[in-house]
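Colleague: Okay, handing you the structure first.
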Amino acid sequence: MQLRFTLHGAVWAALYLFFVLGPLFALLAGRLPPARDFWTEFAVAIGYAGLAMMGLQFGLTARFRYVTAPWGEDVIYHFHRQISQIAVGLVAVHALIMFATRPEILALPSATDLPWGAVFALLSLSSLIVLVVTALWRAKLNIRYETWHLTHIALAVVAVAGGVAHMVGWAFYLTDPWKRALWIGLTIFWIGLLFYVRVIKPLFMLRKPYRVAEVREERGDARTLVMRPDGHPGFRFTPGQFGWLTLWDSPFKITGHPFSFSSSAAVADGRVEMTIRNLGDFTSRIGEVPVGQRVYLDGPYGAFTIGNPADMHVLIAGGVGITPMMSMIRTLADRGDKRPVILLYGSKDWESILFRDELESLKPRLDLKVVHVLPNPPAGWTGEKGYIDAEMFKRHLPPPYADHEYFICGPDVMMDAIEKALGELGVPLAKYHSERYSFV
């Protein structure tokens with residue numbers, strides 16, 4: 001299975017490089033325009049590469065399950081964010097070099113004298129800069145997720161459309177009809193990706209709604225939405241996966257919200273549960289959802305799943321990062337799995353521990369050991385204090401540490417520290433899985 005996923009991922013990585021570099025090399029075939037100086041040609045090359053990367057961003061966020069399976073949706077979204085910065089860098093360097101090699105552009109008396117190709121270039125670049133700045137500093141700028149998501153999509157469309165218009169406006173390398181046809185085809189492909197995400201996929205979701213069967217209060221200001229398929233059998237998921245939830249609106253709404261499934265994957269009636277902690281904005285309204293409310297789920301997604309050969313499962317959770325772990329534990333209990341499971345669970349305090357009582361009740365059904373870790377323990381606390389580190393692993397895990405399978409989910413700071421601790425214990429990357437629940 002691991003080999004299949006590795007080959008699968010290699011194929012998609014090669015295809016991505018082909019779509020980025022293929023159009024660039026195609027421009028060098030056939031009839032060529034008069035040669036120019038090195039820096040001008042270099043600027044043009046990175047400009048074309050940046051534009052191709054920008055267009056492929058629509059594919060990275062299209063949630064094609066077959067594409068994301070080898071890595072997981074969270075990895076794809078983080079790659080999407082990083083590659084966006086590279087694309088902006090390429091486009092910005094393209095513009096700077098062109099200004100440096102062609103200073104007559106800056107010498108134009110007014111903006112109205114700019115060629116329309118240059119106007120679209122400025123529109124594309126400025127949209128890209130605003131897009132990346134608002135994505136990287138959304139929280140610091142105090143922009144609501146829903147507002148940001150809508151403007152993010154609009155800016156992306158403007159940036160790509162402006163880039164294509166700029167390329168057509170100059171058309172230095174597009175003298176051959178087949179080269180023009182190639183880039184027209186790519187543009188249609190990018191538009192098709194956006195059409196699929198915003199029209200075709202929602203149409204399929206519209207035919208398969210869910211109904212809220214229960215809204216269950218949990219510890220730590222969290223609630224569990226229990227949802228059942230309405231008029232269809234639902235979908236099967238693997239424990240640890242997640243879905244995109246649309247509440248209050250139709251699936252054509254721009255913004256969906258990703259949450260892990262917290263229910264067992266072994267249930268046969270299509271029921272799914274999502275446990276959501278109140279973190280403000282959208283999550284603060286979960287308690288207002290009435291029983292019977294129609295909702296839409298897009299899923300399942302994610303490669304953060306059990307199933308690889310291992311002598312035991314080590315689950316490491318922080319805060320609401322317990323939700324995918326709970327799905328794993330419930331599923332293993334329902335399947336009668338006899339392998340040991342050790343849960344190291346970091347929480348703010350004793351009263352905010354999600355699923356605290358159920359974890360105790362599940363111990364007779366599987367070989368489960370729960371280690372609670374509290375930075376602010378109550379008086380008389382005899383358990384672990386502070387934060388999870390390598391020494392804590394040594395106290396609770398049997399060696400050899402590299403034989404176990406590890407799953408980590410929680411705040412980024414916690415996950416960085418745990419991944420470092422596992423490296424200190426000699427655990428290879430292939431033996432631990434991380435899921436970061438912040439996509440933006």
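Residue by residue, here is whether (1) touching a residue at least 12 places away in the same chain (Cβ under 8 Å); (2) part of a helix (DSSP H, G or I); (3) under 17 Å from Y48 (Cα atoms); (4) of a type in the set (D, E) holds:
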| residue | (1), (2), (3), (4) |
| --- | --- |
| S124 | yes, yes, yes, no |
| V133 | no, yes, no, no |
| W148 | yes, yes, no, no |
| V164 | yes, yes, yes, no |
| M167 | yes, yes, yes, no |
| L182 | yes, yes, yes, no |
| F189 | yes, yes, yes, no |
| G192 | no, yes, no, no |
| P202 | yes, yes, no, no |
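Colleague: Inspect all residues belonging to the stretch 208-226 and state whether any of them is open to solvent by 10 Å² or more (accessible area, probe 1.4 Å), part of a helix (DSSP H, G or I) and on the phi < 0 side of the Ramachandran plot.
Modeller: Checked the stretch 208-226: no residue is open to solvent by 10 Å² or more (accessible area, probe 1.4 Å), part of a helix (DSSP H, G or I) and on the phi < 0 side of the Ramachandran plot.
Colleague: Can you tell me which residues in the stretch 147-180 are more than 20 Å from A121 (Cα to Cα) and among the hydrophobic types (A, V, I, L, M, F, W, C)?
Modeller: Scanning the stretch 147-180 gives W148, L150, W178.
Colleague: Scan the stretch 386-409 residue by residue and report those that are among the charged types (D, E, K, R) and surrounded by 12 or more Cβ atoms within 10 Å (Cβ to Cβ).
Modeller: D389, K394, D403, E405
Colleague: Scan G30, G50, G89 and give me the residue that is at positive phi and not aliphatic (A, V, I, L, M).
Modeller: G30
Colleague: On the given criteria, is R356 open to solvent by 70 Å² or more (accessible area, probe 1.4 Å) and either free of Cβ contacts under 8 Å to residues at least 60 places away in the same chain or under 30 Å from the mean Cα position of the chain (by Cα) (or both)?
Modeller: Judged against the criteria, R356 is not a match.
Colleague: Something else about it: Test T331 against the stated conditions and say whether it is open to solvent by less than 40 Å² (accessible area, probe 1.4 Å), within 23 Å of P258 (Cβ to Cβ) and under 19 Å from the mean Cα position of the chain (by Cα).
Modeller: no
Colleague: Next up: When you scan the stretch 60-86, how many residues do you find that are closer than 16 Å to A14 by Cα, of a type outside the set (A, V, I, L, M) and either open to solvent by less than 20 Å² (accessible area, probe 1.4 Å) or more than 17 Å from the chain's Cα centre (by Cα) (or both)?
Modeller: Residues that pass the stated criteria total 1.
Colleague: Checking the structure you have, find out if any residue of the stretch 410-433 is under 21 Å from N308 (Cα atoms), exposed (fewer than 12 other Cβ atoms within 10 Å of the Cβ) and in contact with a helix residue (DSSP H, G or I) (Cβ under 7 Å, 6 or more places away or on another chain).
Modeller: Yes, because at least one residue in the stretch 410-433 is under 21 Å from N308 (Cα atoms), exposed (fewer than 12 other Cβ atoms within 10 Å of the Cβ) and in contact with a helix residue (DSSP H, G or I) (Cβ under 7 Å, 6 or more places away or on another chain).
The values are calculated or read from the model by the stated rules, or taken from the named source; none is laboratory data. Keep in mind that this is a model prediction, so the values were computed, not measured. Cβ: placed from backbone, ideal geometry, glycine included. Neighbour counts: every protein chain shown. Heads up: the accessible areas ignore ligands, DNA and RNA and are worked out on the full protein's heavy atoms, side chains in. Shrake-Rupley method; radii C 1.70, N 1.55, O 1.52, S 1.80 Å.
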